[in-house]
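Computed from the coordinates by the stated procedures, all read-outs in this text should not be read as laboratory data. Remember, it's a predicted structure, so these values are computed and weren't measured experimentally. Here Cβ is always computed from backbone atoms with ideal geometry, including for glycine, and neighbour counts include all displayed protein chains.
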Amino acid sequence: MSDFVSVDKLTLAYGDTVAVPELSFGIGKGELIALLGPSGCGKTTTMRAIAGLMTPKSGTIRIDGRDVTRLPPSLREVGLVFQSYALFPHLTVFENVAFGLKMRKAPNIRERVMAGLESVGLRDFANRLTPDLSGGQQQRVSLARSLVVEPKVLLLDEPLSNLDARLRLEMQMVLKDIQKKTGVTMIFVTHDQSEALALADRIVLMKDGRIVQSGLAEEMYSAPRSRFAADFFGFENILPGRDGGLLAWRPTAIRLGDGPHEGTIRGMSFGGDYRTYVIDSALGEIKGSVRAGLPAFGEGEKVRFDLPEGEAVRLEAA
Amino acid sequence: MKPSSTATGTIIGLTLVFLIGPFIVIILAALTAGNNLAFPPDGLSLKWFIKVFTVESFRISFFISMFLAVFGTLTALIVGVPAAYAIARYDIPGAGAIQLAVSSPLIVPGIIVGLALLRYLVIPTGFTIMAALFLAHAALILPYAVRVVTSSLQNLRVDVEEAALILGCSRLGSFFRVVFPNIRGGILAAFILGFVTSFNQVPVSLFLSGPGVRTLPIDMLAYMETTYDPSVAALACLLAIMSVGIVFLAERFLGFSRYV
């Protein structure tokens with residue numbers, strides 16, 4: 001076992017309700033991975049178990065070769081950036097970031113805190129109270145607070161979902177930068193496939209407490225193996241192929257205006273670069289996209305379309 | 001004026017008359033220069049206010065009331081803060097029943113509480129009057145303590161405590177470093193509320209007062225039975241001013257009404 005973080009047959013339950021049954025996966029040192037899935041898939045529960053905020057029913061969690069399954073959170077050398085940031089409202093930005101160092105009675109607290117604030121661009125905010133900061137700034141304080149104690153693993157709960165588009169890109173850069181500079185192993189939890197794709201080296205896709213598929217971000221995006229994974233990564237057209245297997249197409253892979261099938265346009269959504277049409281046809285509901293510059297179809301209009309088999313992804317499982 | 005606003009005005013007016021009226025009557029009666037409790041006063045003087053401080057039994061009962069209010073409230077908080085924490089943070093079986101039990105002194109008439117304590121605590125066990133008064137006051141304040149502290153705990157997110165745990169705190173450490181500083185205002189508000197409630201408490205204290213051990217309000221009643229002079233009115237004024245003063249300062253510096 002050379003994994004830096006390894007989760008082995010981990011079972012997590014709330015009372016008698018099992019949220020995660022026998023989950024196993026491993027993470028290499030310095031990797032940035034995403035636990036991705038819809039709400040209730042067990043991703044947050046898994047993250048909380050790694051942090052020590054939840055006691056597993058069975059199974060083990062190892063970090064850097066050490067079994068931490070029964071250790072309290074304070075001894076696990078992990079950091080956690082909460083979705084709500086969870087800053088201490090009665091303390092200043094400086095005191096928030098210094099908190100973990102003080103608990104460890106670390107030397108050079110002042111310098112280390114200021115360096116931490118510098119790295120997230122908040123040097124000038126040291127003496128502010130945290131409720132006065134914007135959401136983005138609070139998140140960066142939370143990030144600095146977790147990082148100054150040099151955790152072995154940094155956990156992030158939905159790190160981008162509360163941010164607007166511009167801040168999202170900025171935070172993405174900050175996180176990638178941290179990964180490069182500190183080499184810390186990062187696990188983040190998200191329900192948003194675009195977040196996972198943008199940030200993660202590797203994605204673990206979960207459903208009902210089980211791993212559906214895991215792999216490199218690009219591989220997950222281009223080659224989902226199941227109907228669930230395909231659906232999650234935007235293959236909105238899933239139809240049985242001629243051999244009885246399942247084929248999946250993104251809306252952009254559907255050719256509109258010509259082809260063997262015919263349907264009626266029921267609606268359209270404009271997505272900037274593309275217009276995506278919802279088409280009622282004998283095959284069921286089809287979603288097809290056309291570049292925004294091309295002539296548009298009207299609602300109720302009959303349209304011919306093609307599902308090119310060369311563009312389809314063949315799914316292994318239902 | 002529309003009829004509805006005339007009615008509203010009348011109701012507000014009457015409310016103020018009945019709330020503040022007695023207060024004004026008592027102040028004026030206390031300022032009398034005569035020897036009888038009378039309204040309107042018979043001339044003006046401060047002599048009854050001075051008299052208050054010379055009555056030995058008032059001095060003793062004032063200290064008893066002070067003692068009960070301060071230590072009864074502290075005891076209620078020492079029991080009530082952990083109880084509030086448990087109710088707010090854990091899924092304890094029977095939390096509803098506990099909350100009901102804790103608020104029962106708010107619902108059960110004080111006379112019944114007083115009688116019950118006298119009959120079943122003081123008489124059979126030989127508890128001293130002082131000990132019984134102390135227990136009764138602590139128990140009466142407990143519901144206020146639990147309620148006020150619970151509501152300020154509900155404003156503090158749980159994940160703030162979890163963050164403290166991950167950053168290296170023990171459970172107890174996170175309570176003192178993170179939870180306590182954030183509910184300090186609520187605890188202070190509970191203290192003030194408890195103090196004022198205890199100090200003004202009559203029915204329970206009435207049953208539990210014995211020879212030589214009386215709280216101030218009970219002592220005032222006893223005094224009036226033998227001596228019908230305006231010093232009781234003067235004392236009532238002083239107590240009212242004290243209560244209003246405390247609540248005013250609490251509101252000013254603490255935003256008291258947020259917690260109550």
Relative to the longest principal Cα axis of chain B, at what angle does helix B:95-107 sit, 0 to 90 degrees, rounded to 10? 0
Rounded to the nearest Å, what's the spacing between the alpha carbon centres of the stretch B:147-188 and the stretch B:17-39? Just the number, please. 48
For the residues A:D192, B:D91, what sequence is obtained by ranking on other C-beta atoms within 10 Å, fewest first? B:D91, A:D192
Once the dipole of chain B is set up with Lys and Arg at +1 and Asp and Glu at -1 on Cβ about the Cα centre, which of B:A189, B:V108, B:G212 lies farthest towards its positive end? B:A189
Enter the Cα centre distance for the pair the stretch A:195-265 and the stretch B:224-247, rounded to the nearest angstrom. 81
For B:V108 and B:T125, extending 7 Å from Cα along the Cα-Cβ vector and measuring point to point gives, in nm, a value of 1.4
Defining a contact as two alpha carbons under 8 Å apart and six or more residues distant in sequence, what relative contact order in percent does the stretch B:90-199 show? 29
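Take the alpha carbon gyration tensor of the stretch B:56-258, find the square roots of its eigenvalues, order them as a ≥ b ≥ c, and report rounded if a/c is under 1.5; if not, report prolate when a/b exceeds b/c, else oblate.
In terms of gyration-tensor shape, prolate.
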How far is helix A:93-103 tilted off the main Cα axis of chain A, in degrees rounded to 10, range 0 to 90? 60
For chain B, with a Gaussian network of springs between Cα atoms less than 10 Å apart, report the residue from B:V108, B:V122, B:V52 with the top mean-square fluctuation. B:V108
In which sequence would A:R266, B:R147 go, from the one with the fewest C-beta neighbours within 10 Å to the one with the most? A:R266, B:R147
Pull up all non-local amide H partners of A:A19: gap of 5 or more, or a different chain, and H-to-H distance under 5 Å with H placed in the peptide plane. A:L12, A:A13, A:Y14
With θ set to phi - 60° and the Karplus curve 6.51 cos²θ - 1.76 cosθ + 1.60, what are the ³J(HN,Hα) couplings of the stretch A:286-303 in order, to the nearest whole Hz, using x for Gly and Pro? 10, 10, x, 10, 10, 3, 4, x, 6, x, 8, 9, x, 5, x, 6, 7, 9
What does the structure give for A:84-92 when I average, per residue, the other chain Cβ atoms found within 10 Å of the residue Cβ? 6
For a quick check, take a GNM of chain A with Cα springs below 10 Å and name the residue from A:I203, A:I61, A:I254 with the largest mean-square fluctuation. A:I254
List residues of the stretch A:73-112, by number, whose backbone nitrogen lies under 14 Å from a label position 7 Å along Cα→C-beta of B:S170. A:73-75
Relative to the compact globular guide of 2.2 N^0.38 Å, what is the alpha carbon radius of gyration of the protein assembly as shown, as a ratio? 1.41
With a Förster radius of 45 Å, plug the Cβ-Cβ distance of A:D16 and B:R184 into 1/(1 + (r/R0)^6) and report the FRET value to the nearest 0.05. 0.70
What does the structure give for B:154-165 when I average, per residue, the other chain Cβ atoms found within 10 Å of the residue Cβ? 6
In whole Hz, with x marking every Gly and Pro, tabulate ³J(HN,Hα) for the stretch B:24-34 from phi via Karplus 6.51 cos²θ - 1.76 cosθ + 1.60, θ = phi - 60°. 5, 4, 5, 4, 5, 4, 6, 7, 5, 9, x
Listed residues B:L172, B:L115, B:L208; largest mean-square fluctuation, Gaussian network over chain B with Cα springs below 10 Å, found at B:L172
Once phi is turned into ³J(HN,Hα) by the Karplus curve 6.51 cos²θ - 1.76 cosθ + 1.60 with θ = phi - 60°, what whole-Hz value does each residue of the stretch B:118-128 show in order, with x for glycine and proline? 5, 5, 10, 10, 5, 5, x, 9, x, 3, 5
For chain A, what is the charge dipole size about the Cα centre, in debye to the nearest 20, if Lys and Arg each add +1 at the Cβ and Asp and Glu each add -1 at the Cβ? 1120
Nearest 10, in degrees from 0 to 90: the angle of helix A:165-182 to the longest Cα principal axis of chain A is 50
Under 5 Å between amide H atoms, partner at least 5 residues away or on a different chain: which partners does B:A33 have, H built in plane at 1.01 Å? B:D42, B:G43, B:L44, B:S45
Cross-link reach from A:K57 to lysines, straight Cα distance under 25 Å and at least 8 residues apart if same chain, gives A:K9, A:K43, A:K152, A:K207
Rounded to a whole number, the Stokes-Einstein D of the stretch A:238-315 in µm²/s (Kirkwood radius over Cα pairs; 4 °C; 1.567 mPa s) is 102
Euclidean distance of C-alpha centroids, the stretch A:1-45 and the stretch B:54-115, integer Å: 47
By count of other Cβ within 10 Å, fewest leading, how are B:T226, B:T128 ordered? B:T226, B:T128
Given unit charges at Cβ for Lys, Arg (+) and Asp, Glu (-), the dipole magnitude of the stretch B:114-207 about its Cα centre in debye, nearest 20, is 120
